[in-house]
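Here is the structure we will look at.
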Amino acid sequence: MTEQHFSAHARTRTGRSHQGVGHVDEHRDERFTVVGNHLAQHSELSLTAIGLAVHIHSLRSGTLVGIKALAGRFPEGETRIASALRELETHGYLARTKERLPSGRIVTRTISYNKPRTHTAPRPPKPHPEPTRPPTPPPAAPTSPPQPEPPAPARDVLAGLRTHDPRLHLSEQDVRRLAPAVATWLERGVAPDDVQRTLAAGMPKEGVRHPAAFLAHRLTALLPPPLPAARPGPPRPSPLQNCDDCDRAFRAPTPGRCRGCSVAHQGLAAAA
C-alpha cells in the first residue's frame, strides 16, 4: 500500500524575477503568530516598532511588557524601545493607561491590538419626529404656591422648644416661617441644643403673648457672627507622572522626563 502523508512538505514560492526575495514556506500547526500585512508592511512605523509589535503579539496575556522588561530581553536599549512603544500607540496598535493599585502604587496597563484602532467621532443621534401634542387644556384657577419644606434640623429645633418651655408652642405655619433664621444659626456652627437653650433662656415672668414674634426677635438680635475662615493647609504635592524614557514614576506638574533622564538627554544634546 502507498504510505499516506498528512503534513504538507516545504515548498518554495517563486516569482517572475530572480533578483527579489524568495520564500520557503513550511506548514505549521502550533507555536506561531499571525501578523497582518498592515503591520508587517507599515510604511510609517520603524523596523524596531514593527518587530516589537510582533513580539508583543506573540506573548501570553499577563506577560510584563514594560520598558525595562523589554530592554532586558533585547539589545536596543530603553530609549529606542520607549520610542517604538510611542509609535505603536500613535498608530493604534498599543494602548497604555495608568492604574492605581489598592496599595497606592501606580502601574502601567498595556493592551495590544492585532488591528489598529481607529478614532472616529460618534455620529449624532437621528432626530426623532416631534410627537403630536394634545390640545392645551384651559388654564386652571390660580392657586397659592406651596411653601417649601423647612430643613429637618431647623424644624426639629423649633418644634422641640415647647419641651424647654410650654409657652413656646408654635404652629406649623410659624415653624415654616422661622426655619430659615434657625438654619442660619446652624450654618454658623451653633449646635441645635445650644440654639434651643439660647432662645428659651430668660423668659419673661409674665409670659409672652406671641411666641412666634418673640422668637423672631431673638433669632435676629442674638444671631452669632460667622466662624472665622479656616487657614489654608500646606500646598499639595505635584501628581505622579511616568517618565517618557525609563517609565519611572516621579512627581511633576506635567508629563515628561524624570530628573535622571533629563540630565542624560541634555548631555547627549550638548555632545551632539
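The values are calculated or read from the model by the stated rules, or taken from the named source; none is laboratory data. The shown structure was predicted, so the numbers you read here are calculated from the model rather than taken from an experiment. Cβ sites come from the backbone with ideal geometry, for glycine too, and all protein chains shown count toward neighbours. Side chains included, ligands, DNA and RNA excluded: accessible areas come from the protein's heavy atoms. Shrake-Rupley method; radii C 1.70, N 1.55, O 1.52, S 1.80 Å.
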Going by accessible area, probe 1.4 Å, with all protein chains left in place, what is the ranking of HIS210, HIS42, HIS164, largest first?
-> HIS210, HIS164, HIS42
Within the set of other residues whose C-beta is less than 14 Å from the C-beta of LEU222, count the net charge using Lys and Arg as +1 and Asp and Glu as -1.
-> +2
What ranking do 90-98, 108-116 get when scored by the average of other Cβ atoms within 10 Å per residue, highest first?
-> 90-98, 108-116
How high is the relative contact order of region 221-272, given as a whole-number percent (alpha carbon pairs under 8 Å, six or more residues apart)?
-> 23 percent
Assigning unit charges at the beta carbon (Lys, Arg +1; Asp, Glu -1) and nothing else, what dipole magnitude in debye, to the nearest 20, does region 172-245 show about its Cα centre?
-> 480 debye
Here the net charge surrounding ALA53, from other residues whose Cβ is less than 15 Å away from its Cβ (Lys, Arg +1; Asp, Glu -1), is +2
